[in-house]
Amino acid sequence: MSTPTGQPGQAPIDLQILAQRVYGNPGEGLVSNSALQSRMDDQALLKGFVGERKSHELFISELARLHATDGVQIVHGLRYPGTDHADIDHALVCGDRVFLIDSKLWTPDDYRWYGDAILAGPADNPRLIRSDFGDAVAKFAAIVAPAKVSAAILVHQSRPGRLTVDNSLAGHHPPMRLAADGLEDVIAWLAAGVPRIGASVHLHQYQQWQTITMTRVLEQKAGTPQAFRLEQRQAFMRAREEQRAEQAQRRAARQQAAEDWLASRKSKKQRKKKDLAQRQQQLEQSRRQRRQDQVLRMQHDALNRDRSGWQKKYW
């Protein structure tokens, strides 16, 4: 069976990666030292922690209800590309597909995308909710390519009441979705990443794709062997680039030294040539002067021969 364009391709199967269905603990990034030392207040951290726990419970129940537990792996707390302490809350991985989720625990209200932010509450007095999740999703998609990546903001209610979401102006931003609506469409999208032959799952190829995609996802999960190996490779690449930069600097220094030597040699030759030309000019002037003096002397002597003694002039 050939591999379609844009899919992970062939790779050794890592049964150890595939055996673990859940990596990390929901909300662990919110109780890490970096998060606790950030500017987020304790109440916001606790709300985020509860929201992530609720999402994890929803994943487990929905995967069991839809009989997808064996095909989808869950990863909590991935690195947020470009930041020091923030993280992507969850990733659901199946075959060549990754679904990223940002968990929110919000009070009942009307939430809507507007521009690059989310507005909550009445139109004449809204609250502004900032979200960089879309930027993180785009960066993460580049990291795990060619795996397909989709994403959503999963909203849980903090208390009973009416809570609505409006994605009509979301544009390229991940849509908001209510946790109460379940994850059936998300799991169906993930299931489409399972390679098949007819109606049957191509198990060997699924395990290959899952290994490749999970390896790339786990490289962004701090503390995993995959992240450690990635850091080693990156450190090696940085060292090699630094070595290459030093070699290039040495080559440039040698080249500059050679150019300076050639320029100095050329300058010396030019000065020597100029000095020689000046000396030749001085010699020529001296010879002309001597010839002129000789001519004048000859003229003087010739005139003296025709003069009487008292009329002779001396040189």
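General observations
- Overall form of region 150-266 per C-alpha gyration tensor (a/c, 1.5; a/b vs b/c): prolate
- Only protein atoms count toward the accessible area here, which uses a 1.4 Å probe; on the chain, the carbon and sulfur part of that area reaches 53 percent.
- Relative contact order for the chain, counting Cα pairs under 8 Å that sit 6 or more residues apart, in percent: 18
- The angle between the Cα long axis of helix 225-305 and the longest principal axis of the Cα atoms of the chain comes to about 10 degrees, rounded to the nearest 10.
- Where Phe59, Phe49 fall by accessible area, highest first, once all protein chains stay in place (1.4 Å): Phe49, Phe59
- Relative packing of peptides 257-268, 200-211, 158-169 - highest average C-beta neighbours within 10 Å first: 200-211, 158-169, 257-268
- Estimated inter-spin distance, Lys273 and Ala235, nm [label 7 Å along Cα→Cβ]: 5.8
- Here the calculated FRET efficiency for Leu128 and Leu18, from their Cβ-Cβ distance with R0 = 30 Å, stands at 0.10, rounded to the nearest 0.05.
- For the chain, the solvent-accessible area of protein heavy atoms averages 62 Å² per residue (probe radius 1.4 Å; ligands and nucleic acids excluded).
- Put a plus charge on the Cβ of each Lys and Arg, a minus charge on the Cβ of each Asp and Glu, and nothing anywhere else: the dipole of the chain about its Cα centre is then about 4540 debye.
- Calculated from the structure at hand, Rg and Dmax of the Cα atoms in Å is found among [x] 19.1, 55; [y] 26.5, 108; [z] 41.5, 148 as [z].
- Region 196-315: C-alpha gyration tensor shape, a/c 1.5 cut-off, then a/b vs b/c: prolate
- Within the chain, helix-based [θ] at 222 nm, where runs of 4 or more DSSP H residues each add -39,500 (n - 2.57), nearest 500: -16500 deg cm²/dmol
- Principal axis extents of the Cα atoms in region 89-184, from largest to smallest and rounded to whole angstrom, are 44, 26, 20.
The values are calculated or read from the model by the stated rules, or taken from the named source; none is laboratory data. Computed from a prediction, not measured in an experiment: that's the story for all the values here. Here the Cβ is made from the backbone with ideal geometry for all residues, glycine too, and neighbour counts use every protein chain on show. Heavy atoms of the whole protein, side chains included, go into the accessibility calculation; ligands, DNA and RNA do not. Shrake-Rupley method; radii C 1.70, N 1.55, O 1.52, S 1.80 Å.
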